[in-house]
Structure formats: structure tokens, C-alpha cells
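Enquirer: Please see the structure below; I have some questions.
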Amino acid sequence: QTSKSYKCWLQYDAVVNQQRKEEYSVIAKVISKQLDSPAADAAAAELKMAFESMLGIHAEVKHEKPEAGVLLSIAESADYLTDEGFEIKKEGSRLLITGKTDKGLLYGAFHLLRGMQTGEPLAKIEGIQNPANPLRMINQWDNIDGSIERGYAGASIFYENNEFTKDLGRIQDYARLLASVGINGVSINNVNVHKIETDMITSVLLPDVAKIADIFRQYGIRLFLSVNFASPIELGDLKTADPLEESVRQWWKNKAEEVYTYIPDFGGFVVKADSEHRPGPFTYGRNHADGSNMLAEALAPFGGLVIWRCFVYNCMQDWRDRKTDRARAAYDHFEPLDGQFLDNVILQIKNGPMDFQVREPVTPLFGAMPKTNQVIEFQVTQEYTGQQRHLCYLVPQWKEVLNFDTYAKGKGSAVKQVVDGSMYEYKHSGIAAVSNIGNDENWTGHTLAQANFYGYGRLTWNPELSSEDIAKEWISQTFGPDESMQQVISHMLHDSWPIYESYTAPLGVGWMVNPEHHYGPNVDGYEYSVWGTYHFADCNGIGVDRTIESGTGYTSQYFKENERYYNSIDTCPDNLLLFFHHVPYTHVLKSGETVIQHIYNTHFEGADEAANLVETWCSLKDRIDPQRFDAVLKRLEEQAEHSKQWRDRINTYFYRKSGIEDKQKRTIY
Ligand code: GCU
């Protein structure tokens, strides 16, 4: 496939700037590669393909050093590089890409191509780079029947009709996209491991899994599998999955050994246990350290990791119960276990304490476990942020989270320093996220949602990149060099999260969506359900009291500075007010508006702004190819229409509950 929408940001369009073309052409005639390895070969192949389409040059790939050309070489002793870092340096007519390992070569090659696609002179492409986060991971929530849990871009590219796909070319293209933004780990099956997928760790499916691992290996990406904690039972071997039973421990040891005979560099297991009805150690009266350590012990001899998710909460709550607070759950379950986990266990913690809402505070567990490896989990797939039918550029949200000061070691203890491993010198750490891709022609359903895929990867490599710079890189590689077009798209992206937030759930309250599929407005959709996700709106007010004095005490899970900040209604920021406090509709916000008037205003304004996105996009009609232009236009039109539903449902609900008129007398039903 060669359509522009399929190629995402790896367009490799012909270079039009003559000066750049000449400069690049000097180094593009020969690609010298002093070693043979899958990743070095992939780097050379990518450069060759790109030089051909960008410059019309058919580069030779050689072993010996040329007078002029790109030189890919390994410098094992380069102490300024990590195993995945690279240096790019110009020496006369040669461009040296140096890595400590072949992975560095791959990242260096993609860095060069990013620079060339964005029209940088070689002098600006030169430099040394090391990734900030050791683990930079993507989680596929793909099922073997071809469906994707929370997938909004078609079916799985990995599976079809309960079998592995035969289209390995598409998987290779996915690996190229991932590697180009620095991703180095992928788990290929849903965290909810169903019946057939349980066999992915047996001889039934391991040969297929190994083929996929071979493809990812070429691109520096380790393959992980989500596993079923009850596998020893499910696969018919044992009567128990008790992590302290010797037979169970031995079973997992044998299992690990078997997996590694198929995939020698297997990454490890991703585990969702005791979460939303998945089996786990609680069944046997054991805790999460017992459960994860058992798997860690089995994987340790082979260098494997256990990525153990902290999404553990009571999903059978009684809505009448005002004491239990789902937001508290991860901290309550895991913080007391600090120090008990083996060093190849990593806890994977969602960015917020609830579940990827459009606005949530940061999970208080970050920084609270000095002796336990942590990875943060983001959701690139837009489950609660418009399902890739609405535009919602999430890089600003992720940056806000990564920059959040936990105060774990006093001022200046940002989440990004926890997860990059520097704050507590973790052995393993990093960033993971749920993928947003499927087999749609454009991978992500909404073409502009490719920016989230791109931006996520770039942030894992370097969280210091600004959201604007990431957008600019992405737009210019994806749509070309026209600067005024780039600015228009960048504005649309940066306006999109605030717009989506404004016409959906107000002031951090969350959850006003239709149950199950989570698309579209439904204020009481989750109000009387078992999921622990309530807003408590009545005729007087709304919000969840999570304070220490009168509420659930969730605020006490933060370090003192943040505890005080959120616990006091005087300092709690407007955008999270209803997450932390229950207030009357007449409560006056820091903005000067009352809560009810804020709800009305933002919902009217948000829907207007969604309509403006359509207008703005239309101004680009002649500057974007028709296929992508039309595809985006359709989605934006749908968003504009749907935002009116949101506006009217939410406004009407609160008008009827509160009986308070809109000061501006706009139409409310
Ligand atoms: C959310 C999502 C589920 C998913 C779960 C998880 O609740 O709606 O589909 O399985 O998160 O992260 O495990």
C-alpha cells in the first residue's frame, strides 16, 4: 500500500528545496554498514528506500567505507551513549551514524530521515541522543478474533478469524512506524486474555508469535505477551493457580523456558490480575507481590520482565456506598507492598486514578514507591476522548501528567523523573500506552489521530520535547512543507483537547458517557452502576467529596503539598473541582463564574468551537490531497454535529436538576 494516508509520517516525499537536495545528495549515494544484524539491515533498507523517493538516488549498500556516504558503525566503547543512543556527525562528505548497538543505528537512521523530511540542514541533524526512558512500550488490546478492545480504527492488523494474520507486510510497516518514534516494546494481545489467547504461551500458538517477534526484532522492538493468571488451570494442567504453591511456580518456570525456546529475546509478561473479573492472587488469599514475584522468578533466568498492572479496584460497588472510592484503589492495594517486589517486576500505573478520562488528577502512586519499579500507562486510543471520531490531540495532556510535581522528594519531583528511573534509580521503568491503530487504511480512523501515535512515541524518547514541536514535526512530515498550512493544523490540534473537554464532562467530574461503549453523552449512565464512577448530582449541587474531613480521604494519598492543594476548596483548581469536592451549583469558581453558569457557557462555546474546526479545515482545501482532506472533513463534520448532542444533553440535564436559568438566555430544552 502506498497511499498518503497509509504512509503516515513516513511519506519520504521528493525534496523540493534545491539547496537541501544538493546537501543531502552528497551523503546519499552510498550506505556503508559495517555489520550484519537485523536492526542494522533494517536501518540501511529504510535509508535506501527514503533516499530513492526523496532524492531519486539509488544508493548502494556496502561494507567498506566510502569517500562520501552514510556510515553506520558501532562504537561499543562510546561511554556517552546508552545501548539505544546514537551520534550523528558530519566528516567531510561522510555522515557518520554511530551507535553502541545496532538499535542506536536504527534510531539514528530514523532521526536523519525525520530531519530530512522536515527540511533541516545536516548541521542541525548532527548531535548525540539517548532515550530518556528505558522502556518505551505500546500495548495492543487486540483479540485473536480480529476485534480490538477499545479499537476505533478498524480490525486488528495481527489477527483474523481466530488466527494470526498472513499479512506480515503490514506488521512490518507498523514496526517501522513504531521504531521511527523510538518504541522498543510491544505486547500483542489484549490485557483481558480470553480462552484462545491463553494458548499464546503454548506450542499451539508460539510458532506464530515467534514469527511476529522476528519482524519486531528487526526494528529493535521486544515482544511481550499478556498472560492469563489462571493459565495453569485454563490450560488443563493444574487445579490451582495459587502463586505460593510449588507446583504452580514450577509450572510457570517450565512455561518461561518453553517460551524462550521460541523467542530468545522475549520481553516478558503483561498481567491484568484481580481486575474487572480477571483471575489473580486474591482468589488464594495472596497479594500482588506474591502473584507477580512468582512470574518474575520464572522469567528472571532469561532476562524477562513482569509488567504488572495496578488497575485493581472493586468493580462491583454498591452505588449507595459513599465510603468506597475507586480513585483510592491503586494506592491502597499497592503502596503498602513497596519493597516486596522482585527487581524484574514493574508496576504499570494508569496516569489517573480512575480510567483515562478527559480530565483527571495524576495518580498519587507515582513517587510513593521508592523501592518498586514503575511504568506509567497512557491511552493513545481515544476511549473517553472522542473515539477517533472527535479530534483530541493528547500530547498536551500527557505532558501535563509527566511534568506534574509529586513532591515525593520535595519540590521538583516530577512524574517524568519517577518513570525515567532517575528519581529512585529503578532497575526498569518507562512509559507504556494503549495503541490507537487498526487495519483502517490510515491506521488510526481519524487521520489527525496519527498525531497522537506519533507524539506518544516521541515523548517516550524525550519528554522534554514541547507539544508544539512534536506537532510541527508530525505535520511537516505528514503533510509537507507549506508553513501556513502547518500553523493552521497545529492550532487545530492544540485547541482540540480543550474543546473536547468543554462540551463533555465539566470541571473534572468525568464519566458522563453511555455505558459499555463509552461514546456520547449520558449524564446518569454510570450513576447507579457497580463501577464506582459517580458524580452525585442532585438539585443543589454536584461533585465527589474526596477530602479528608468530610469525604473519602483520597486527597491524603498525595504528598503533603498536593494534599493541601487539592483538599482545600480555596486552592483546588477549577478544572478538577468536581473531582475533589461536592459543591452547590451556585459555588463561584476562580474564574468568577458559578458552577452552573460555567457548565452552560463551556457547553455552548465548545459546540461552537467544534463547528469552527470544520471551517478552519476547509480553509486548507487546496493544500491537502483530496483523500485525506475529505476523510478528515467527514470526521470533523460528525464531531460538530455530535458536540451539539453533548451540549444539549448536558445543559438540559443540569437545567432540569438545578432549575437555574442561563444568564444569557440561550436555548436549553
Ligand atoms: C477500561 C476499559 C476496558 C479495559 C480496562 C483496562 O476499563 O474500558 O476495556 O479492559 O480499562 O485497562 O484493563
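The values are calculated or read from the model by the stated rules, or taken from the named source; none is laboratory data. Every value quoted in this text rests on a predicted model; they were computed, and no experiment measured them. Neighbour counts are summed over all protein chains in view; Cβ atoms, including those assigned to glycine, are modelled from backbone coordinates with ideal geometry. Areas reflect the complete protein model, heavy atoms only, side chains present, ligands, DNA and RNA absent. Shrake-Rupley method; radii C 1.70, N 1.55, O 1.52, S 1.80 Å.
Enquirer: Within segment 241-253, track down each residue that is touching a helix residue (DSSP H, G or I) at 6+ places or on another chain (Cβ under 6 Å) and not hydrophobic (A, V, I, L, M, F, W, C).
Expert: Asp242, Pro243, Arg249, Lys253
Enquirer: Could you tell me whether Thr571 is at pLDDT 95 or above and closer than 29 Å to Val362 by Cα?
Expert: Yes.
Enquirer: Can you confirm whether Asp648 is assigned to a helix (DSSP H, G or I), without any contact (Cβ under 8 Å) to a residue 12 or more places away in the chain and open to solvent by 10 Å² or more (accessible area, probe 1.4 Å)?
Expert: Against the criterion (assigned to a helix (DSSP H, G or I), without any contact (Cβ under 8 Å) to a residue 12 or more places away in the chain and open to solvent by 10 Å² or more (accessible area, probe 1.4 Å)), Asp648 does not qualify.
Enquirer: So Arg114 fits all but one of (1) open to solvent by less than 20 Å² (accessible area, probe 1.4 Å); (2) under 27 Å from Gly438 (Cβ atoms); what number is the exception?
Expert: All conditions are met except number (1).
Enquirer: Here's something else I'd like to know. Among residues belonging to segment 526-535 that are open to solvent by less than 40 Å² (accessible area, probe 1.4 Å) and within 26 Å of the chain's Cα centre (by Cα), point out the one that is farthest from Asp321 (Cα to Cα). Explain how you work it out, then say what you get.
Expert: We begin by selecting, within segment 526-535, every residue open to solvent by less than 40 Å² (accessible area, probe 1.4 Å); these are 526-527, 529, 532-535.
Restricting the remaining residues to those that are within 26 Å of the chain's Cα centre (by Cα) gives 526, 532-534.
Values: Tyr526: 14, Gly532: 9, Thr533: 12, Tyr534: 11 Å.
The residue in question is Tyr526.
Enquirer: Could you please give the count of residues in segment 17-56 that are within 30 Å of the chain's Cα centre (by Cα) and in contact (Cβ under 8 Å) with a residue 40 or more places away in the chain?
Expert: Selection size over segment 17-56: 11.
Enquirer: Looking only at segment 86-95, decide whether some residue is without any contact (Cβ under 8 Å) to a residue 12 or more places away in the chain, of a type outside the set (Val, Ile, Thr) and in contact with a Leu (Cβ under 9 Å, 6 or more places away or on another chain).
Expert: Yes: one or more hits.
Enquirer: Looking at the structure I just gave you, is Pro498 in a helix (DSSP H, G or I) and surrounded by fewer than 18 Cβ atoms within 10 Å (Cβ to Cβ)?
Expert: Yes.
Enquirer: Can I ask one more? Identify, by number, the condition in (1) out of contact with any helix residue (DSSP H, G or I) (no Cβ under 6 Å at 6 or more places or on another chain); (2) in a loop (DSSP other than H, G, I, E, B); (3) surrounded by 21 or more Cβ atoms within 10 Å (Cβ to Cβ); (4) not small (Gly, Ala, Ser) that Arg546 doesn't meet.
Expert: Among (1) out of contact with any helix residue (DSSP H, G or I) (no Cβ under 6 Å at 6 or more places or on another chain); (2) in a loop (DSSP other than H, G, I, E, B); (3) surrounded by 21 or more Cβ atoms within 10 Å (Cβ to Cβ); (4) not small (Gly, Ala, Ser), the lone unmet condition for Arg546 is (1).
Enquirer: Would you check which residues across segment 333-351 are surrounded by fewer than 21 Cβ atoms within 10 Å (Cβ to Cβ) and either within 13 Å of the ligand (Cβ to nearest atom) or without any contact (Cβ under 8 Å) to a residue 24 or more places away in the chain (or both) and list them?
Expert: Pro336
Enquirer: Every residue in segment 299-324 that is buried (at least 24 other Cβ atoms within 10 Å of the Cβ) and away from the ligand (no atom under 14 Å from the Cβ), please.
Expert: Leu299, Leu305, Val306
Enquirer: Starting from residues that are within 16 Å of the ligand (Cβ to nearest atom) and of a type in the set (D, E, K, R), keep the ones in segment 147-170 and report whichever is surrounded by the most Cβ atoms within 10 Å (Cβ to Cβ). Even if it seems obvious, please write down each step before you answer.
Expert: Of the residues in segment 147-170, the ones within 16 Å of the ligand (Cβ to nearest atom) are 147-153, 156.
Retained after the next criterion (residues that are of a type in the set (D, E, K, R)): 149-150.
Numbers: Glu149: 15, Arg150: 18.
Among them, the one singled out is Arg150.
Enquirer: If you don't mind, another one. Do you know which residues across segment 551-577 are assigned to a helix (DSSP H, G or I) and open to solvent by 20 Å² or more (accessible area, probe 1.4 Å)?
Expert: Result: Ser556, Lys560, Glu561, Glu563, Arg564, Tyr565, Asn567, Asp574, Asn575.
Enquirer: Further, regarding this structure: Would you be able to tell me the number of residues in segment 117-145 that are open to solvent by less than 10 Å² (accessible area, probe 1.4 Å), away from the ligand (no atom under 16 Å from the Cβ) and touching a Ser or Thr at 6+ places or on another chain (Cβ under 7 Å)?
Expert: 2
Enquirer: Sticking with this one: With a cut-off of at least 2 residues that are at pLDDT 95 or above and either small (Gly, Ala, Ser) or within 30 Å of Gly510 (Cβ to Cβ) (or both), name the helices (runs of 4 or more DSSP H) lying wholly within segment 230-333.
Expert: 246-262, 288-299
Enquirer: Would you tally the residues in segment 171-199 being in a helix (DSSP H, G or I), open to solvent by 10 Å² or more (accessible area, probe 1.4 Å) and more than 27 Å from Thr385 (Cα to Cα)?
Expert: Of the residues in segment 171-199, 4 are in a helix (DSSP H, G or I), open to solvent by 10 Å² or more (accessible area, probe 1.4 Å) and more than 27 Å from Thr385 (Cα to Cα).
So that you can scan it fast, the table gives a plain yes or no per residue for (1) open to solvent by 10 Å² or more (accessible area, probe 1.4 Å); (2) not in a loop (DSSP other than H, G, I, E, B):
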site	(1), (2)
Thr372	no, no
His390	no, no
Glu400	yes, yes
Tyr424	yes, no
Asn436	no, no
Gln450	no, yes
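Enquirer: Starting from segment 618-645, keep only residues that are within 22 Å of Thr478 (Cα to Cα), then list their pairs with residues that are part of a helix (DSSP H, G or I) and open to solvent by 90 Å² or more (accessible area, probe 1.4 Å) whose Cβ atoms are within a distance under 9 Å, requiring at least 6 positions of separation or different chains.
Expert: Pairs found: Phe629/Lys621; Phe629/Asp622; Phe629/Arg623; Leu633/Lys621.
Enquirer: On the given criteria, is Asn442 open to solvent by 10 Å² or more (accessible area, probe 1.4 Å) and either modelled with pLDDT under 95 or assigned to a loop (DSSP other than H, G, I, E, B) (or both)?
Expert: When the stated conditions are applied, Asn442 passes them.
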